[in-house]
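Worksheet: one structure, shown below.
The values are calculated or read from the model by the stated rules, or taken from the named source; none is laboratory data. Bear in mind the structure is a predicted one, so any value in this text is a computation, not a measurement. Virtual Cβ from ideal backbone geometry, glycine too; neighbours counted across all protein chains shown.
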Amino acid sequence: MTRVRALLGAAATAWIAVASVAALHARGAAPAAQGALPDGEGRAVVEKLCSACHGLDYLSPSRRTVRNWLETIDLMKSFGAEATDEQWRTITDYIVGTLAYLHVNKGAADEFARLLRIDDKAAEAVVAYREKQGGFKTLDDLKKAPGVDAARVDAVKDRLMFE
Ligand code: HEC
């Protein structure tokens with residue numbers, strides 16, 4: 001009986017070890033501290049104002065698109081989150097700039113504008129170019145679009161979805 005328990009114990013320990021390694025891998029290159037937000041201008045404002053009702057872990061890496069995030073931010077306003085207009089701009093720029101994803105073959109012009117930091121007219125030209133080309137297959141295809149800053153594309157490449 002003792003031996004069975006010992007075996008079960010060993011199996012459980014091994015399982016826990018495997019499970020936690022898997023969890024670490026699943027988090028990939030996520031910041032070491034759980035729930036820590038990526039560096040970026042505005043992080044302090046987000047940390048202060050977005051932790052008033054729930055943990056900052058609500059913001060941690062997820063595949064929310066630019067559109068999803070804009071909607072989530074509006075939802076937080078409707079839940080009573082309070083900030084000045086300038087703070088809302090800072091919060092939105094930080095979240096879109098550091099956390100939001102973009103479906104490059106489905107995304108709307110305003111999502112391109114926000115993520116790639118180009119003006120609305122340039123973003124519309126990118127979408128028109130995409131339609132003309134029959135979509136973007138690679139990062140380089142996107143970099144060739146008119147008005148796109150290749151360095152910015154590289155900076156956000158982990159959040160660009162081609163499927
Ligand atoms: C006034 C309180 C309040 C503040 C301040 C607040 N939230 Fe929330 N947040 C909520 C509530 C309520 C929910 C939904 C209930 C829950 O899941 O706990 C929520 C849920 C969320 C979710 C999960 C939504 C989902 O679709 O699952 C995210 C992401 C989020 N908040 C982000 C933010 C961000 C970013 C800020 C800062 C701009 C913020 N919250 C500030 C109240 C707040």
Identity of the residue in the stretch 76-115, exposed (fewer than 12 other Cβ atoms within 10 Å of the Cβ) and among the small types (Gly, Ala, Ser), that ends up nearest to the ligand (Cβ to nearest atom):
GLY80
Please indicate, with yes or no, whether at least one residue in the stretch 82-91 is β-branched (Val, Ile, Thr) and under 10 Å from the mean Cα position of the chain (by Cα).
no
Can you spot a residue in the stretch 31-45 that is modelled with pLDDT of 90 or more, near the ligand (Cβ under 10 Å from one of its atoms), surrounded by 13 or more Cβ atoms within 10 Å (Cβ to Cβ) and in a helix (DSSP H, G or I)?
yes
If I filter the stretch 56-75 down to residues being of a type in the set (A, V, I, L, M, F, W, C) and surrounded by 12 or more Cβ atoms within 10 Å (Cβ to Cβ), which single residue comes out as farthest from the ligand (Cβ to nearest atom)?
VAL66
Condition check for ILE118: buried (at least 16 other Cβ atoms within 10 Å of the Cβ), of a type in the set (A, V, I, L, M) and within 16 Å of the ligand (Cβ to nearest atom)
no
